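The values are calculated or read from the model by the stated rules, or taken from the named source; none is laboratory data. Being a predicted model, the structure only gives us computed values, none of them experimental. Here the Cβ is made from the backbone with ideal geometry for all residues, glycine too, and neighbour counts use every protein chain on show. Only protein heavy atoms, including side chains, enter the accessible area calculation; ligands, DNA and RNA are left aside. Shrake-Rupley method; radii C 1.70, N 1.55, O 1.52, S 1.80 Å.
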Amino acid sequence: MKIVVSFKVVHDDQDIQVAGDGSLDFSKAHQVVSTYDLNALEAAAQLASATGASVVAISAGSSAIDDSKLKKNVLARGVDELFMTADDACANMDAFASAEALTALLEKVGDYDLVVCGDGSADNYAQQVDVQLGAKLGIPVITAATKLSVEGNILEVERTLEDVVETVRVALPAVVSVAPDAALPRIPGMKDIVSAGKKPAEVGGAETSFVNTLEVLDCRAPKQADRAKVIIDIAEEGALSRFAAALKAAL
């Protein structure tokens, strides 16, 4: 069994600088794996450990994602092999273009049984790559997974929704996106990091162009709301009720 897990490389939000007009400066921001995709990598690694499967990671983005430290970080998380498209032509792709780029990478991977995605990306959080990837591959898609198991050729997925826990069974191959609480990302040890440097990693340029279907007109940080500066003395009668009312109004 072969499990493929896709991940996105994003700018570290701690390094993004916000100007006075709300515009964003990414020039000093490091490249990191999207937080939600760390959950996907761990979910894939845990499922592989339980089934004896191999794990292949794939990603597409600008040339900056071809970073040795970043690649070792991925390969140290239970991943056996890595395929990346690192090309400035793949910078700032929307969900449609990302799904096309990942489809091209899957052709290089070859046969696979399951594709695991994160719930969304830490930058845009469009939650569309998984469903669009499944549509392009012509295979079923299951979202919001909190637990995965495989029996034969059947994938069983537990989905924890607002008012019910749903169990879905689907024949492989399939695409599944996992919720953040599906698996807590591991902290790779020194042995994992050393071993990661010996694992195969294929990085290439884009062999075709991936066209966005969305046009981003502007991207700015939201304006911060002024503080209400409400001070309530707990010793006063009805303080808790006033506090609860103020908190409800703020939400």
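Once the range 1-30 is narrowed to residues that are hydroxyl-bearing (Ser, Thr, Tyr) and assigned to a strand (DSSP E or B), the residue that is surrounded by the fewest Cβ atoms within 10 Å (Cβ to Cβ) is Ser23. Within the range 184-201, residues that are modelled with pLDDT under 95 reach partners that are loosely packed, with under 12 Cβ neighbours inside 10 Å and polar (S, T, N, Q) with beta carbons closer than 9 Å, at six or more positions or on different chains, in the pairs Gly197/Ser68.
The condition of being in a loop (DSSP other than H, G, I, E, B), under 26 Å from Ser98 (Cα atoms) and open to solvent by 80 Å² or more (accessible area, probe 1.4 Å) holds for Asp218. From the list Val175, Val150, Val194, Val168, the lone residue that is of a type in the set (Val, Ile, Thr) and assigned to a helix (DSSP H, G or I) is Val194. A single entry from Val194, Val230, Val203 fulfils the requirement of being surrounded by 10 or more Cβ atoms within 10 Å (Cβ to Cβ), among the β-branched types (Val, Ile, Thr) and in contact with a strand residue (DSSP E or B) (Cβ under 6 Å, 6 or more places away or on another chain): Val203. Just checking, does the range 143-153 include any residue being free of Cβ contacts under 8 Å to residues at least 12 places away in the same chain and more than 23 Å from Tyr125 (Cα to Cα)? Yes, the range 143-153 has at least one match. Scan the range 206-213 and tell me whether some residue there is surrounded by 15 or more Cβ atoms within 10 Å (Cβ to Cβ) and under 19 Å from Ile3 (Cα atoms). There is no residue in the range 206-213 that is surrounded by 15 or more Cβ atoms within 10 Å (Cβ to Cβ) and under 19 Å from Ile3 (Cα atoms). In the set Gly138, Gly134, only one residue is open to solvent by 60 Å² or more (accessible area, probe 1.4 Å), without any contact (Cβ under 8 Å) to a residue 60 or more places away in the chain and more than 26 Å from Asp192 (Cα to Cα); that residue is Gly138.
From the list Gly110, Gly78, pick out the single residue that is in contact with a Leu (Cβ under 8 Å, 6 or more places away or on another chain) and at positive phi. Of the residues listed, the single one that is in contact with a Leu (Cβ under 8 Å, 6 or more places away or on another chain) and at positive phi is Gly78. Per the conditions (1) out of contact with any helix residue (DSSP H, G or I) (no Cβ under 6 Å at 6 or more places or on another chain); (2) modelled with pLDDT under 95, the sole criterion not satisfied by Asn73 is (2).
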